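Chemist: I'd like to ask you about the structure that follows.
Quick note: the coordinates plus some simple rules give every number you see, no bench work behind them. All values derive from a computational prediction rather than experimental measurement. Backbone-built Cβ (ideal geometry, glycine too); neighbour counts: all protein chains shown.
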Amino acid sequence: MKRAALVALVLLPFLGLGGFMVWKARAVAHELVDPPFYRPQPLARVAATYAELAAGAPGDPGGTWSSEEVNGLQLWRLHRRAPAPGIVLLLHGFGDDRWGTSPALRWFPGLDAAIFTYLRRDDALRAGRQAPPVTFGIRESENVVRVVHHLEATGVPRNRILLMGRSLGASVGMLALADLEREGRGPLAGFIWEGAPASSRDFAERLVRGPRDRWWHFLAPAIGAMASAWAGRLGDYDPRDTELQRRVGSLRFETPGLCFLASQDRLAPPPVQRALAAHFGTIRIVEVPTWHLHCAEVLGPAYAADITTAVHGWYSGQKRGGR
């Protein structure tokens, strides 16, 4: 009896540690497929924001909104009052939707804009239905490819379509860009990104670590691996397919790029951003001492100026309707 009690006493810390790892992995896995902080805005508030964007502002001509169905997705397009040289497709991040990222179109006053919510999760939640799980870029990037093909079918040449994504939207854009370029039908106008998570596994590990290191963080790699595998089962996807560098492979992008690199970021590692940037034949990297999603705040007007300079360079010299 004494020996059994001693063994139980010795095993207790290990059982507690294992229980903590399972609990943490489960919590992170569920956060990956269904961000707990995401709540879709009431449609009245969305309409008010879109009306404000349509009205324009100093330096922004505004425009007219239209919406259309694209194979189960709802695509919203802002048509500028004067003919635009192209269109920017805005890709929202983790735990966000078309409303949350729509103000970013103000950085592109000379372009038409397009925006949608991946997997139409916002509509499902507003209707009280179970929303499709977030697949960390797998099905979301397929949505982007589908929308690009639709824009082409409506008369917008591929080299007039610009992608911009931040956070998970950057990863979604990178995955979509790789698939689009592998079609062999030429480059897009450009790709602007900020803070692309390296993979679901890497992101899960970094969620475990949080904003600062703690003594138990030696467990983070194991918990991150468990959480990403768990999320893959919940979302019915292979976490390996979320690995950006694996998916890009040896591809050399013809599409030009602009990367806002948050050099203090713990969620989207700077070395990964530099490695991805190295795949672009034409690339500019703007390094900012902050976390991703804060580059615009830190740079102020310079953020929009960098975008304007890039966009002008990419579109100048192109003939309308072609290269």
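Chemist: If we scan the stretch 96-104, do we find a residue that is hydrophobic (A, V, I, L, M, F, W, C) and in contact with a Gly (Cβ under 8 Å, 6 or more places away or on another chain)?
Modeler: no
Chemist: Continuing with this model, one more query. Could you tell me how many of the residues in the stretch 157-188 are surrounded by fewer than 20 Cβ atoms within 10 Å (Cβ to Cβ) and either β-branched (Val, Ile, Thr) or at positive phi (or both)?
Modeler: The qualifying residues number 2.
Chemist: Now, a different point. Does the stretch 163-208 hold any residues that are small (Gly, Ala, Ser), over 20 Å from Val311 (Cα atoms) and over 13 Å from the mean Cα position of the chain (by Cα), and which are they?
Modeler: Ala178, Gly184, Ala204
Chemist: Restricted to the stretch 103-119, and to residues that are out of contact with any strand residue (DSSP E or B) (no Cβ under 6 Å at 6 or more places or on another chain) and either of a type in the set (A, V, I, L, M) or assigned to a helix (DSSP H, G or I) (or both), which residue is farthest from Tyr303 (Cα to Cα)?
Modeler: Taking the stretch 103-119 as the starting set, the residues that turn out to be out of contact with any strand residue (DSSP E or B) (no Cβ under 6 Å at 6 or more places or on another chain) are 103, 107, 110, 117-119.
With the extra rule that they be either of a type in the set (A, V, I, L, M) or assigned to a helix (DSSP H, G or I) (or both), the set shrinks to 103, 107, 118-119.
Numbers: Pro103: 14, Trp107: 9, Tyr118: 26, Leu119: 30 Å.
Step by step, filter the stretch 103-119, then rank; the result is Leu119.
Chemist: Among the residues of the stretch 233-249, are any of a type in the set (S, T, N, Q), touching a residue at least 24 places away in the same chain (Cβ under 8 Å) and closer than 30 Å to Gly155 by Cα?
Modeler: no
Chemist: Go through the stretch 81-102 and give me each residue that's charged (D, E, K, R) and either buried (at least 20 other Cβ atoms within 10 Å of the Cβ) or not in a loop (DSSP other than H, G, I, E, B) (or both).
Modeler: Selection gives Asp96, Asp97, Arg98.
Chemist: Can you find a residue that is within 30 Å of Pro35 (Cα to Cα), out of contact with any strand residue (DSSP E or B) (no Cβ under 9 Å at 6 or more places or on another chain), surrounded by 14 or more Cβ atoms within 10 Å (Cβ to Cβ) and hydroxyl-bearing (Ser, Thr, Tyr) anywhere in the stretch 282-305?
Modeler: no
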